[in-house]
Amino acid sequence: MSDGQNIYDIAKEIFPICRSLSGKGVRQTFEVLKKYADDLNVFEVPTGTEAFDWTVPKEWEINEAYIEDESGKRIIDFKENNLHVMGYSTPVDAWVDLDELLKHVYTQEDQPDAIPYITSYYKERYGFCMSENMKKALKPGRYHMYIDSRLFYGSLSYGEIVIPGETDKEILFTTYVCHPSMADNECSGPATAVYLASYIKGLKKRRYTYRFVFGPETIGSITYISRNLEHLKSHVVAAYNLSCVGDNLDYSIVHSRYGNTFADKTLTNILKFHAPYSDYSFLERGSDERQYNAPGVDIPMVTFCRSKFAKFPEYHTSLDNMDFVSPEGFQGTIDVLYKLVDGLENNAYYKINVLCEPQLGKRGLYPTVSRKGQYDAVMMITSFIAYCDGKNDLFDISNITGIPVDELIEIKDKLIDNKILDVDHE
Amino acid sequence: MSDGQNIYDIAKEIFPICRSLSGKGVRQTFEVLKKYADDLNVFEVPTGTEAFDWTVPKEWEINEAYIEDESGKRIIDFKENNLHVMGYSTPVDAWVDLDELLKHVYTQEDQPDAIPYITSYYKERYGFCMSENMKKALKPGRYHMYIDSRLFYGSLSYGEIVIPGETDKEILFTTYVCHPSMADNECSGPATAVYLASYIKGLKKRRYTYRFVFGPETIGSITYISRNLEHLKSHVVAAYNLSCVGDNLDYSIVHSRYGNTFADKTLTNILKFHAPYSDYSFLERGSDERQYNAPGVDIPMVTFCRSKFAKFPEYHTSLDNMDFVSPEGFQGTIDVLYKLVDGLENNAYYKINVLCEPQLGKRGLYPTVSRKGQYDAVMMITSFIAYCDGKNDLFDISNITGIPVDELIEIKDKLIDNKILDVDHE
Amino acid sequence: MSDGQNIYDIAKEIFPICRSLSGKGVRQTFEVLKKYADDLNVFEVPTGTEAFDWTVPKEWEINEAYIEDESGKRIIDFKENNLHVMGYSTPVDAWVDLDELLKHVYTQEDQPDAIPYITSYYKERYGFCMSENMKKALKPGRYHMYIDSRLFYGSLSYGEIVIPGETDKEILFTTYVCHPSMADNECSGPATAVYLASYIKGLKKRRYTYRFVFGPETIGSITYISRNLEHLKSHVVAAYNLSCVGDNLDYSIVHSRYGNTFADKTLTNILKFHAPYSDYSFLERGSDERQYNAPGVDIPMVTFCRSKFAKFPEYHTSLDNMDFVSPEGFQGTIDVLYKLVDGLENNAYYKINVLCEPQLGKRGLYPTVSRKGQYDAVMMITSFIAYCDGKNDLFDISNITGIPVDELIEIKDKLIDNKILDVDHE
């Protein structure tokens, strides 16, 4: 089976779970992910813990929720779609008129068939979400609003995988476990992350240490950063946030604060040679790049998406389901990530150790009959050599010469074999 | 009455006065301006005073001038339009034939109805200016050329307003008092300058010291600079030359020598968010930015115009009259200048003092229900915060985020009230 | 006669000679060139000498070569066109069938009338070149392949002209003497180089020392660099490689490794104001800029062509003959080089020594009547002065102001005469 299909299947497995900022759903999700990454470590941070300007909120538990009419018919039921309940809803058990009911009903008017995804994390209230069409069909009468939930002093959970390499310089990948049943945003990120971690663990040789962090968005990252700031600042050389990586419609990068970090350079390069892609500045941020790139945190993070969050209509609705993502979409994602990791692992400042162009002919790297129109392969080698002056890493040389990093890796290996290229990992 | 109308009225009051490099007209103009700025200080610099490579020229006085025909009919009369006499004309009283007369007559052939504005400051000669149509209508015959003027050892006058602020760092505004009866160039500049000075004096709090200089173009600025060079170099952080600021056709900036000073950055930013405008490089200079930006002087000056001098057909002719400028034109100008001064006064290097994004919700700056499509106001705040890393001043952040400075000022005030923003005026 | 005609005639004189990497043809070429430059010094480097990663190859001598058919008719004969023999062919004397013959015949299929130029410098083999049409016309039968050549321990020859100047800073020109009977590539380069050298020797005053190097491509340059590296690195401020400079179809520059050297700046500027031209990055290199710009060599070299090598169909075929180049083509080339040398000789960091704009009027450099629309000549002077702040050399000021260097030279001479401009050759 293809990598894309494998990742799709993991995403499908965690899709039904009702996740939120905290609680049972997050922990169930971690249990599934551990099947694919037994070194996934889960941490619990108690409610009330301070994290910079924030405080870890109460834990949310929900068991049952529905609206029923006077005939006892359930209009909506949490069991059918966990988006029907506003995230972090407080409990309710009340019969009300339609007018009163509607004060607690949320819809997405411009997408009348979709159930919107809505939360109220930091103010205690309750609410129900349904499609605009369903709302319009509601008749006057009495309705039973029922939510069996509770907010209590519990904990926030996050997970971490650390894969050691030859150096303690780290490549960081982050993603989310706080979204309920939506596929691209965000079953795709955790599924891709555990799969990529498995690939990296299988590498014969690893120069970098790789760290994967799985947590709830915003408060999860802030909590994680607050507990690991000094370590991250002194070790992470590039960070990539994975979100909405399962659809097959686009490739996107959301840049770091100034768009000039090693993470920007590397992922941009890989995307440029991989497929058409969309380039978003930090002004269009919206995910954990917000926290990692904050002033004083300054971790060089970009976000990698297929279709960027908030740019596709299915985003944050029930339409972001397992049909919206696909094995092909995941395959494109993992191909990019494989190339990225290979580029990173092979990256260095290369320096040719002979003066003037080396004689490629005596090394079998040059045609012995010289005639016009036959030099493309040779030009790739000599162009690479021309910029192996110690000022450029592999991604720089790729950008200068227009040769993809994976092809440069082949050339560089030949030159190293021929002992005419020195390597400085810096 | 609107600010624009008020400034228009001041311009109208000084319009009829016959100004030149020096002399009575300049002093009359200062008398009018003092009605609006009683702290306007007038300085006199004697003829013959050296100013760098230049020497203050003789003072020019003119009482009467006309051309009359044999019947005693005055063809042109200085009393009707002071552009009829070439600036700095020497006296003449002679009857001549048409041929001889025409040697002393200047017209603008491509604008046959306009009287051109012509001067001969640095070579003694006399001349008359008239419309090309009038010149063509002249019949052969005898004409009386009469100019009652004199050039004598007098002085050159310039004026200065200094409005102290909390620091001795200065914002400099300059403009001209050497043009005779032309409205945009240059009754508009002095009228706007005294009005702006009055606004600044009315501010409750002023961080910067503001300096306004009113003088004749070129020799006036050179004289002023020669007497104040060290002070200017050590105090002025941004200088704005005001010229042709009364029409309602365009907005223009003429950049400094390299276009990279604080003056360029600030005025460009304000114009960019105010209205469409024209951007001219220093190669299209023509006003006092020439002197202030000269090598070794290096005062960071840009010129602010509505329509740029020499770019509108009415320029330097009798068509640049009080109909060419308008209250609406002046209103646009003063709006830009108010925004500029407010931007300067509020400018600083801001630094957010919490790590990761602050929790805006608990400060009432964030909606408590999270749903897609509602974040624009929040994004403005968090975008501002993202670049409050101590590297950017307010204008930089505006340029990066695309949010006008006046809106950033509101945000920054809220964050300071919430004690999460530190201010470094540097 | 025009310069262009003179250079054309020199090129025509060396056109018939059979040149290669080494051997008699190269030395005959030097004998001709010495008629125009008696200070041309020829150096011989023995076969087997090491030059960085390379070794000077055996010398090649060829006396006669042909293919004849059974009737004794010569199908091709080296005497008619020296391109008929693959460069560095080993000797052969054999009767073969058509099938066997064709294994040693090279053509250019997409240009059926052209004899291609083909070499096998670094692998010993023999071969014949003919037009595709001629090859198609060959009938089955027996053919006599005959090449009377030898490869032996001899030497590689290169030539050098050094013209001393006031300083030991050097301007380097390089070109090739290894191509057989092709006109643009490369009788044009050596002919132009000796002619330019003669012009430079005739200058009354020379600030720079000028060095001209004539050698075989690649191995010649590598050999030359290996023997002169330290001198070149410490003396050469700009280097220009001349190749394909005799046609009249285009002007081209091939940039240095990063396109940012003094050689790039100067030649780009001259071309920009001379005529439309093509700009090629170092990725489209192909001539000796490859060696001089190699990492660790780092001589600031660009290549100047009319039509760039490998970009015109006649390139490396018998169609690149004396009809492809022209006196007009050479005239354009030498005009560019004259302007370049004059620009270099007059180049300096200029600094105006008065503050504010100088009073041009008292020096006769300004019209005494001031009226609109007459300032272009003055604006050129004051624009030049504005950027004479010690930060820009003549080429920088030309680039900033849009005024060609030759016109700036006239202005700068006037200002120096007026003692208001200081010169820093740095």
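Using the basic label-point model (7 angstrom from Cα toward the beta carbon), what is the C:K35 to C:R74 distance in nanometres?
Calculated label separation equals 2.5 nm.
Expressed in whole Å with the largest first, what are the equivalent ellipsoid semi-axes of the range A:184-257 derived from the C-alpha gyration tensor as the square root of 5 times each eigenvalue?
Taking √(5λ) for each Cα gyration eigenvalue gives 21, 19, 13 Å.
Under a crude label model (7 Å from the Cα following the beta-carbon direction), how far is B:R207 from B:K12 in nanometres?
Label-label distance for B:R207 and B:K12, simple model: 3.9 nm.
Taking the Cβ of A:S307 as the center, what net charge do the other residues with Cβ under 11 Å away carry, scoring Lys and Arg +1 and Asp and Glu -1?
Net local charge, A:S307 excluded: -2.
Using per-residue counts of other Cβ atoms within 10 Å, averaged over each peptide, order A:92-100, B:251-259, B:142-150 from highest down.
Descending packing order for the listed peptides: B:251-259, B:142-150, A:92-100.
What is the magnitude of the charge dipole of the range C:59-152 about its Cα centre, with +1 placed on the Cβ of each Lys and Arg, -1 on the Cβ of each Asp and Glu, and no other charges, expressed in debye to the nearest 20?
Roughly 100 debye for the range C:59-152.
For chain C, find the longest principal axis of its Cα atoms and tell me its angle to the long axis of helix C:327-346, 0 to 90°, nearest 10.
Taking Cα atoms only, the helix is inclined about 40 degrees.
Expressed as a whole percent, how much of the Cα-Cα distance distribution for the range B:60-137 exceeds 17 Å?
Of all Cα-Cα pairs in the range B:60-137, 42 percent lie more than 17 Å apart.
Tell me which of C:Y153, C:L283, C:S2 sits at the most positive position along the dipole axis of chain C, charges placed on C-beta atoms (Lys, Arg +1; Asp, Glu -1).
C:S2
What area, in nm² and to one decimal, does the C-alpha convex hull of the range A:183-311 cast on average over all directions?
Answer in nm², one decimal: 8.0.
Just want the ordering: A:R125, C:R211, C:R206, from fewest to most Cβ atoms lying within 10 Å of their own Cβ.
With the sparsest Cβ surroundings first, the list reads A:R125, C:R206, C:R211.
Can you tell me the 0 to 90 degree angle between the C-alpha axis of helix A:3-14 and the longest principal axis of chain A, rounded to 10?
Long axis of A:3-14 versus the principal axis of chain A: about 20 degrees.
With a point put 7 Å past each Cα toward its Cβ, work out how far A:V42 is from A:V162 in nm, to one decimal.
Simple spin-label model gives 2.0 nm for this pair.
If you only keep lysine pairs separated by 8 or more in sequence, or across chains, how many in the range C:59-152 come under 20 Å at the Cα atoms?
Total qualifying Lys-Lys pairs in the range C:59-152 comes to 8.
Below 23 Å Cα-Cα, how many Lys pairs turn up in the range B:299-408? Only count pairs eight or more apart in sequence, or on different chains, if you could.
Taking the Cα cut-off of 23 Å, the pair count is 6.
Stick to the Cα atoms of the range C:251-335, pair each with every other, and give me the Kirkwood hydrodynamic radius in Å at one decimal.
Computed over the range C:251-335, the radius equals 13.7 Å.
Would you tally the net charge around A:A37, using a Cβ to Cβ cut-off of less than 11 Å, leaving A:A37 out, and scoring K and R as +1, D and E as -1?
Here the count lands on 0.
Report, by chain and number, residues whose modeled amide H sits under 5 Å from the one on B:V177, excluding near sequence neighbours (fewer than 5 apart, same chain).
So B:V177 has HN proximity to B:G215, B:E217.
Using just the helices of chain C, give the 222 nm mean residue ellipticity in deg cm²/dmol: DSSP H runs with n ≥ 4 each add -39,500 (n - 2.57), and the total is spread over all residues, rounded to 500.
Estimated from H runs of four or more residues: -9500 deg cm²/dmol.
Compute the normalised compactness of the range A:30-89: alpha-carbon radius of gyration over 2.2 N^0.38 Å, N being the residue count.
That ratio works out to 1.68.
At a Förster distance of 35 Å, what's the computed FRET efficiency of B:K391 paired with A:T49, Cβ-Cβ distance as r, to 0.05?
So the FRET efficiency works out to roughly 0.65.
R0 = 51 Å: FRET efficiency of B:D422 with A:E124, Cβ-based, nearest 0.05?
0.95
Which value, to two decimals, describes the C-alpha radius of gyration of the protein assembly as shown once divided by 2.2 N^0.38 Å?
For the protein assembly as shown, the normalised Cα radius of gyration comes out at 1.21.
Which whole number gives the average, over all residues in C:378-388, of C-beta atoms from other chains lying within 10 Å of the residue C-beta?
3
Using +1 on the beta carbon of Lys and Arg, -1 on that of Asp and Glu, and nothing else charged, what's the dipole of the protein assembly as shown about the Cα centre, debye to 20?
1260 debye
Convert each backbone phi in the range B:19-24 into a coupling constant with the Karplus relation 6.51 cos²θ - 1.76 cosθ + 1.60 (shift: θ = phi - 60°), then list the ³J(HN,Hα) values in order as whole Hz, x for Gly and Pro.
Each residue's phi maps through the Karplus curve to give 9, 8, 3, 8, x, 4 Hz.
What angle, in degrees between 0 and 90 and rounded to the nearest 10, separates the Cα long axis of helix C:262-274 from the longest principal axis of the Cα atoms of chain C?
Result, in degrees: 80.
Grab the beta carbon distance between A:Y199 and A:L283, set R0 = 30 Å, and tell me the FRET efficiency rounded to 0.05.
Once the sixth-power term is evaluated, E becomes 0.35.
Sum up the charges of everything whose Cβ sits under 10 Å from the Cβ of A:F273, counting Lys and Arg as +1 and Asp and Glu as -1, but leave A:F273 out.
Summing Lys/Arg as +1 and Asp/Glu as -1 gives 0.
Residues of the range C:320-339 with the amide nitrogen closer than 18 Å to a label point 7 Å from the Cα of C:Q5, along Cα-to-Cβ, please.
Under 18 Å, as judged by backbone N against the label point of C:Q5, lie C:323, C:325-335 of the range C:320-339.
In the calculated pair distance distribution of chain C, what percentage of Cα-Cα distances lie above 42 Å?
24 percent
Before anything else, pin down the relative contact order of chain C: Cα pairs under 8 Å, at least 6 apart, normalised by residue count, whole percent.
Relative contact order of chain C: 17 percent.
Any read-out appearing in this document is the output of simple, stated calculations on the displayed coordinates, not a laboratory observation. Note that the structure is predicted; figures quoted are calculated from it, not measured. Here Cβ is always computed from backbone atoms with ideal geometry, including for glycine, and neighbour counts include all displayed protein chains.
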